[in-house]
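Trainee: The structure's right below; bear with me while I get my questions together.
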Amino acid sequence: MASETGRVVIVSGGAGGVGLAITRRFADGGDQVFVVERHEAHGNIAPHLNEQISFIPADVTDEASVSTTLDDLQTQTGRIDVLVNVVGGYMAGQPVHELPVATWDAMMQLNLRTAFLMAKHAARLMIPRDWGRIINFSARAARDTAANAGAYAVSKAGVLALTEVQAKELLPFHITVNAVLPSIVDTPANRQAMPDADFARWPKADEIAQVVQFLASDAAKLISGAGIPVYGQW
Ligand SMILES: NC(=O)c1ccc[n+]([C@@H]2O[C@H](COP(=O)([O-])OP(=O)(O)OC[C@H]3O[C@@H](n4cnc5c(N)ncnc54)[C@H](OP(=O)(O)O)[C@@H]3O)[C@@H](O)[C@H]2O)c1
């Protein structure tokens, strides 16, 4: 069992709208947080960047890059305790009968391939230590599908299935695998996209981060394979 502080926590997409709140929450709790982002520009997450937070530039759709990044981290720290797979995104607008293959492929890459590659290589390194926590980002759309958002829904449903399968595979190693399912989160990007919405009804990024932090805690050791709705009042 890892102690509840000083753990090595990887947050893919940890500088984004929801990811930054997760990064800050784990760092404030005394963990060492490694933020993995594909664009160096996201390394400028000051003033939140402190000695608890390190930035690793890597494209998590690329298996060689993921494998090397996590192996290097393991060498540097000796362990990977928690993986939070936040990388993901949304594309919609066409019914399936008009959906470009490029949109389909882009959603599978961004949402499903990223979660798969990070979870694959993190689990490989967690298994010998017989402990770990993996938390994936699915979405409400995985269960409550909407017309004209097929590629997104299928990719996030894939994340949920991946979570359930890997939870079963990793049960003997005391590694839990769970997913959170946000609906709409109060992020700067969502406020910009929906300026007339009632922002008060949207969960704050830090409220999502609290759920993620709980799933990473020892108190959540009995929970694995869950898809947890974090819709708030929306
Ligand atoms: N926000 C919501 O309302 C909402 C609702 C339901 C589900 N979700 C899910 O929650 C998660 C977080 O959402 P968010 O709003 O925080 O998204 P976000 O602000 O776009 O954050 C995602 C981060 O991941 C980075 N990223 C994208 N592709 C990458 C790659 N291949 N390698 C490394 N980094 C990459 C992005 O950087 P770039 O700038 O380089 O793209 C960005 O910093 C996503 O999985 C999303 O699908 C969000």
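The values are calculated or read from the model by the stated rules, or taken from the named source; none is laboratory data. Because the structure is predicted, anything quoted here is derived from the model rather than measured. Glycine gets a Cβ as well: all are built from the backbone with ideal geometry, and neighbour counts include every protein chain shown. The area values use the complete protein model at the heavy-atom level, side chains included, leaving out ligands, DNA and RNA. Shrake-Rupley method; radii C 1.70, N 1.55, O 1.52, S 1.80 Å.
Trainee: Just to verify a number: what accessible area does Glu169 come out at with the full protein assembly present, 1.4 Å probe, Å² rounded to tens?
Mentor: The accessible area of Glu169 comes to roughly 110 Å².
Trainee: List the lysines whose Cα lies under 23 Å from the Cα of Lys221, skipping any in the same chain that are fewer than 8 positions away.
Mentor: Lys120, Lys168
Trainee: Taking the inverse of the average 1/r across all pairs of different Cα atoms in the chain, what Kirkwood radius in Å do you get?
Mentor: Hydrodynamic radius (Kirkwood, Cα pairs) of the chain is 17.7 Å.
Trainee: Evaluate E = 1/(1 + (r/R0)^6) for Asp59 and Ala189, where r is the Cβ-Cβ distance and R0 equals 25 Å; express this FRET efficiency to the nearest 0.05.
Mentor: Between Asp59 and Ala189 the formula returns 0.80.
Trainee: Once phi is turned into θ = phi - 60°, what whole-Hz ³J(HN,Hα) does the Karplus curve with 6.51, -1.76 and 1.60 give for every residue of the stretch 36-44, x standing for Gly and Pro?
Mentor: Each residue's phi maps through the Karplus curve to give 10, 9, 7, 9, 3, 4, 6, x, 8 Hz.
Trainee: Can you give the charge dipole size of the chain about its Cα centre, rounded to the nearest 20 debye, using +1 on the beta carbon of Lys and Arg and -1 on the beta carbon of Asp and Glu?
Mentor: 400
Trainee: Just to make sure I understand: if all protein chains stay in place, what is the order of Met91, Met108 by accessible area at 1.4 Å, largest first?
Mentor: In descending accessible area the options line up as Met91, Met108.
Trainee: Kindly report, to the nearest 10 Å², the accessible surface of Glu4 as traced by a 1.4 Å probe over protein heavy atoms only.
Mentor: 90
Trainee: If I compute solvent accessible area with a 1.4 Å probe over the protein chains, what percent of it on the stretch 64-230 is carbon and sulfur?
Mentor: Roughly 58 percent, rounded to a whole number.
Trainee: Return the long-range amide H neighbours of Ile10 (sequence gap of 5 or more, or a different chain), with a cut-off of under 5 Å between placed amide H atoms.
Mentor: Phe34, Val82, Leu83, Val84
Trainee: Hey, can you list the DSSP H helices of the chain whose Cα span along the axis is 27 Å or longer and whose average Kyte-Doolittle score is at least -0.5?
Mentor: 150-170
Trainee: Related question: With θ set to phi - 60°, apply the Karplus curve 6.51 cos²θ - 1.76 cosθ + 1.60 along the stretch 96-106 and write out the HN-Hα couplings as whole Hz, x wherever there is a Gly or Pro.
Mentor: Those phi angles translate into 4, 6, 10, 6, x, 4, 4, 5, 4, 4, 5 Hz.
Trainee: Taking only protein heavy atoms and a 1.4 Å probe, what accessible area per residue, in Å², does the chain have with all protein chains in place?
Mentor: Computed with neighbouring chains in place, this is 46 Å² per residue.
Trainee: Sticking with this one: Tell me the mean residue ellipticity at 222 nm calculated for the chain from its helices only (DSSP H runs of n ≥ 4, each -39500 (n - 2.57), averaged over every residue, nearest 500).
Mentor: -11000 deg cm²/dmol
Trainee: Karplus couplings for the stretch 127-132 from phi (6.51 cos²θ - 1.76 cosθ + 1.60, θ = phi - 60°), rounded to Hz, Gly and Pro as x?
Mentor: 3, x, 8, 6, 6, x
Trainee: Taking all pairs of distinct Cα atoms, average 1/r, flip it, and tell me the Kirkwood hydrodynamic radius of the stretch 31-118 in Å to one decimal place.
Mentor: With all distinct Cα pairs of the stretch 31-118 included, I get 14.8 Å.
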